[in-house]
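The block underneath contains the structure these notes are about, expressed in structure tokens.
Every number in this text was worked out from the coordinates using simple rules, so none of it is lab data. Because the structure is a prediction, the values reported are computed rather than measured. FYI the Cβ positions are ideal-geometry reconstructions off the backbone, even for glycines, and counts take in every protein chain you see.
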Amino acid sequence: MNKNKILLAVLALALGFGAYKLTQPSQSAPKAGDPTISVQLAEVQLRSLPVVFETSGFVTPVSSVEVRAQLTSTIREVLVHEGDTVAAGAPLFRLDGRAETATLEKLKAQMARDTALLEDARRTLLRNVELKQRGFVSQGVVDASSSNVDALSATVAADRAAIAEAQVAVEHGYITAPQAGRVGLINVRVGSLVQPGSATALTTLTRLDPIDIAFTLPETYLAQLRRAQARGPVVVSVKDAEGRLDGQLNFIDSTVDSVAGGVRIKARFDNAKLRLWPGAQVTVGLTLDAIKDAPTAPLAAIQVSPNGQFVYAIDDQERAKALPVRIRYQDAEFAVLDGVPAGTRVVVMGGQNLRPGVRVRDSGKPAAPKAGAKQ
């Protein structure tokens, strides 16, 4: 009986020890039959990343002008088409200016008559002065002649001013571009009646190059922005289907908008290819600072677990090891990490199939030949 009890006790101890060993990770060298998972690796590198604040903004023209008539008339000719790009001073519309031209000619004729009368009055004055010296006329006659010359001189001056005014009216018969820009919708046709003060403009001229983007910066970033300005021009970027487009900050409002909780800002962009269009909503990147020589890894390397963020680092034995990390800053491609040194190889693709301790092979490199294989 005692022997049986002793035998059962030894057997129980042996089973318990075996179960304990099965639950512990193996510390022995990898076996030839261990599975190898194909992954893609990248090296944690020291990089300098710009600190960019992203927000939504709207494309706004530097200037947009409504074209209006300066006199009451009818449209005789439309000289441009919608969408045309015109230079400053280019003719846009021709009005019916026959009445204004006739008025101008009438005023010129009147001035010619008054100028002739003035010349005659001056000759009369000279004769009267000579006659006065000989004693044939009184001083009153000379004074009357002099007053007549003064009155006619004033009349001719008034004629000259009236002609200048009429000339302006005639010139208003040709409506020209007040600035260079793109012609918008044309709201009149030949024969349309136009007049000053009309609620509807004839058309608009919008300057598209350069062009501005307006957005709001939260007031908590204002101090950072001022420091960035002190270092030099502040870069503002947008992205479209053709890639990235860079501009420069050119306006900060003098007050904080208490409703929006931020400061209105504008940045100016070269727009020769018309990649930015007025009214369009875009995502704006405002560069506020730069993190220099920091360990960075591709965003694809970041894994998430219930305990937080981590990366799979690969050791000298080509096995995966989970390293907890903290993201100090990230952009669209890279993350600045605390917790992993530069030079560490990390998994950027295939990490979903990994577990700590699993052997990996970088799919970006050729596989090593197996032992005994022919070279």
Report the residue, chosen from 261, 135, 243, that carries the largest GNM mean-square fluctuation when the chain is represented by alpha-carbon nodes joined by springs under 10 Å. 135
Using only Cα atoms, what Kirkwood radius does the range 188-298 have, in angstroms? 17.1 Å
Could you calculate the contour length gain from residue 239 to residue 79, that is, 0.36 nm times the residue separation minus the distance between their Cα atoms, to one decimal place in nm? 53.9 nm
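Once every DSSP H run of n ≥ 4 in the chain is given -39500 (n - 2.57) and the sum is divided by its residues, what mean residue ellipticity at 222 nm do you get, rounded to the nearest 500 deg cm²/dmol? Don't skip to the end; give the middle numbers.
On the way: 4 runs with 102 residues, N = 375.
Mean residue ellipticity at 222 nm (helix-derived): -9500 deg cm²/dmol.
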Placing +1 at every Lys and Arg Cβ and -1 at every Asp and Glu Cβ, with all other atoms neutral, what dipole size does the range 98-172 have around its Cα centre, in debye to the nearest 20? 320 debye
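If you put +1 on each Lys and Arg Cβ and -1 on each Asp and Glu Cβ, how big is the dipole of the chain around its Cα centre, in Debye rounded to 20?
Computed charge dipole of the chain: roughly 2120 debye.
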The Kirkwood hydrodynamic radius of the range 98-172, taken as the inverse of the mean 1/r over all distinct Cα pairs, in Å, comes to 13.8 Å
Please list, or write none, the aspartates and glutamates whose alpha carbon is within less than 16 Å of the alpha carbon of residue 106, excluding same-chain residues fewer than 8 places away. 114, 159, 165
Do any trypsin sites (Lys or Arg not before Pro) in the range 280-373 lie in a DSSP loop with no more than 16 other beta carbon atoms within 10 Å, and if so, which? 370
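Take the eigenvalues of the Cα gyration tensor for the chain, scale each by 5, and report the square roots as semi-axes in whole Å, largest first.
Largest first, the chain gives 94, 23, 18 Å.
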In whole Hz, with x marking every Gly and Pro, tabulate ³J(HN,Hα) for the range 132-147 from phi via Karplus 6.51 cos²θ - 1.76 cosθ + 1.60, θ = phi - 60°. 5, 5, 8, x, 8, 10, 8, 5, x, 5, 5, 4, 5, 5, 5, 5
Of 353, 208, 42, whose Cα points farthest to the positive end of the dipole of the chain (charges on the beta-carbon: +1 Lys, Arg; -1 Asp, Glu; origin at the Cα centre)? 353
Rounded to 10°, Cα long-axis angle of helix 222-231 versus longest principal axis of the chain: 80 degrees
